[in-house]
Amino acid sequence: MKTIKLLPPEVISRIAAGEVIERPAYAVKELIDNSLDAGADNLTIYLENNGLKKIIVHDNGHGMSKDDLLESFKIHTTSKVHEVDDLSNINSLGFRGEALASMAAMSELVIQSRDESSLVGTEVKLKNGVVNSINPLGMPVGTTVIINNLFQTIPARKKFLKSARTELGHIIDIVISAAVGNPKIGFSLYHNQRKILILNKSKERLERISLLFPVSKMSNMIQVSHKDQFIEIRGLISPPTESLSTSNKEIIYINERQITDTQLQKTIKLAYGSLLPFHRYPYFIIFIKLPFEFVDVNIHPRKEQVGIANKENLIEELTQVVQQALQKYTITSDVHLLFSPKDKTTNSVMGLLLQENVDTWMVRDSEQNALKGDPLQIDKTFILLPVKKGFYLVDQHAAHERILYEQFSKAFLLEQSKVEQFILSAPVELDLPFVEMQKLTDSRDFLKRFGFTFSTNKTRLFLTAVPLIFRDRNYVDLILELLTRTDDVLVAKEKSFRTDIQTHKTLAYLSCRQAIMAGDMLSNSEMKRLLEQLNKTSNNTTCPHGRPTRVYVSQMDLYRVFKRK
Ligand code: ADP
Ligand code: MG
């Protein structure tokens, strides 16, 4: 029976334009979607050279008849949507009928498939979109798609790709994203003959979630659960005592598909209200189920964003569900803990940076800077410093960030051999989720240059030393945040140790995380030491992110403002 047909033109025009296969990871994504749509419960993915040389996705789904197979790679052929109305009720992952066609156009594509009604399978080989051969093939029911030499004929596309490692990282993210959404399906991933990930079919979603969150964090996460006629919300959210400096671990699925929706992310963050410290983010994984007709998957070329009908309702319910879960939590938890997050290190930061090796306050350089009176903290954020001919207003966080950045740069860039390390009395085992563990393995040398060293014991990874400056910090969390922050912060490129952008970003990040925050109360002598350090620092007028650290207002300015001159 032939189930694949060319879409009517009006459907084609309704389909959002956009290229699907921009990078190997997106090809992998499309192939996984196809296998899931075909009802497979076991997928095996083999890669060579980060997917550029070879991508193979093998599934045990319902497969295709020979007739269907020969339609499948033509543009806009699909078995999933037939008329305009179908577009508003899509329950499959694919529907545009363009993935295989795009892949065929950009690679040497081989598709092998057999459905239940056929005794043998069929193998079709294509080169740059043109069929080279069609042959019968003995194989079990299911489909194998092989993409050879993707982008070979499009050098510009190939050049556009970032480093190879980032690409494998993207592919791993895609596989994990699908695996977490579909716990009942087995996934295996191999790269250059090396086993990367074997996930057996499982009834337990938690096992899969542990690929994304450290086990120690997961055990503290709070369950949310809600179901009514239309909306089902389930998941885990971080306890209010814990937070991250980035929103990278705010994960939302709608109908088994991971999506990006900053409005929903914000909704959840807002539900925490003042339980979260300023500039901090919760981490969570939320699975939302909505009727298919409420979800428009046709607004983004890769379906990473979706349109949601009656979104206000969802937002309201989500807020309630999260608030309820948090409320239960606050009743049973230690109130004191809620307001002093464990990672709060003002004291130790001060201890390390502002009390060590610092001369007592002394007036430096110019007349202009001669101190007159005590500094004054304003709104726990700014410091007002009267000097002889006016006053300075200093942003305490930006100032401290700059001081630390310069110290780090000096230690790490100019005097690398002298990076001061703090050797841990006992190695600390790192409980990192899969993705971060992969990144860390790849970034060990890079991190070593900053003073973090590691040892391994079989598959376990231990932290053995940290930069001295992080002695009292929660360095395990710090490493986790550094790794989850963004891909590009940590991809170690060349050996050259210039202030390349990666290094700058990493240093700026470390400085920011170490610096005192807006909202931290400072004592008189702490303020003085901070200001003195700032004075000693070169480039001290802006923080590493380019914001000003201080503003000078002269007596002359004051006279002018008050029209006395
Ligand atoms: P879409 O998924 O949007 O329909 P594709 O180009 O990805 O478009 O695939 C075209 C058609 O080929 C699909 O509609 C489906 O019928 C068939 N197909 C693709 N991959 C598989 C697979 N792994 N198993 C069974 N059928 C497949
Ligand atoms: Mg598809």
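The values are calculated or read from the model by the stated rules, or taken from the named source; none is laboratory data. Since the model is a prediction, treat every value here as computed from it, not as a measurement. Cβ coordinates were reconstructed from backbone atoms using ideal geometry, including for glycine residues, and neighbour counts include every protein chain displayed. Surface accessibility is based on the protein's heavy atoms, side chains included, excluding ligands, DNA and RNA. Shrake-Rupley method; radii C 1.70, N 1.55, O 1.52, S 1.80 Å.
Taking the criterion of being in contact with a helix residue (DSSP H, G or I) (Cβ under 9 Å, 6 or more places away or on another chain) and at pLDDT 95 or above, the residues of the stretch 43-52 that qualify are Leu43, Ile45, Leu47. Is it true that some residue in the stretch 76-95 is charged (D, E, K, R) and either at pLDDT 80 or above or closer than 24 Å to His191 by Cα (or both)? No, the stretch 76-95 contains no residue that is charged (D, E, K, R) and either at pLDDT 80 or above or closer than 24 Å to His191 by Cα (or both). Consider the stretch 24-47 and keep the residues that are open to solvent by 50 Å² or more (accessible area, probe 1.4 Å) and more than 9 Å from ligand 1 (Cβ to nearest atom). The one that is nearest to the chain's Cα centre (by Cα) is Tyr46.
Across the stretch 447-466, the qualifying residues are those that are in a strand (DSSP E or B) and open to solvent by 50 Å² or more (accessible area, probe 1.4 Å), and the one among them that is nearest to Leu507 (Cα to Cα) is Thr456.
Residue-level check: of (1) in a helix (DSSP H, G or I); (2) more than 30 Å from Ile308 (Cβ to Cβ); (3) modelled with pLDDT of 90 or more; (4) open to solvent by less than 20 Å² (accessible area, probe 1.4 Å), Leu109 misses just (1).
State yes or no: is Glu293 modelled with pLDDT of 90 or more and open to solvent by 60 Å² or more (accessible area, probe 1.4 Å)? Against the criterion (modelled with pLDDT of 90 or more and open to solvent by 60 Å² or more (accessible area, probe 1.4 Å)), Glu293 does not qualify. Restricting attention to the stretch 515-565, the residues that are touching a strand residue (DSSP E or B) at 6+ places or on another chain (Cβ under 6 Å), of a type outside the set (A, V, I, L, M, F, W, C), open to solvent by 60 Å² or more (accessible area, probe 1.4 Å) and under 20 Å from Lys389 (Cα atoms) add up to 3.
For the stretch 95-134, filtering for residues that are among the basic types (Lys, Arg) and within 12 Å of ligand 1 (Cβ to nearest atom) leaves 2. Scanning the stretch 214-231 for residues being in contact with a Leu (Cβ under 8 Å, 6 or more places away or on another chain) and not in a helix (DSSP H, G or I) gives a total of 7.
Closer than 16 Å to Ser188 by Cα and within 13 Å of ligand 2 (Cβ to nearest atom), is that true of Asp59? Answer is yes for this residue.
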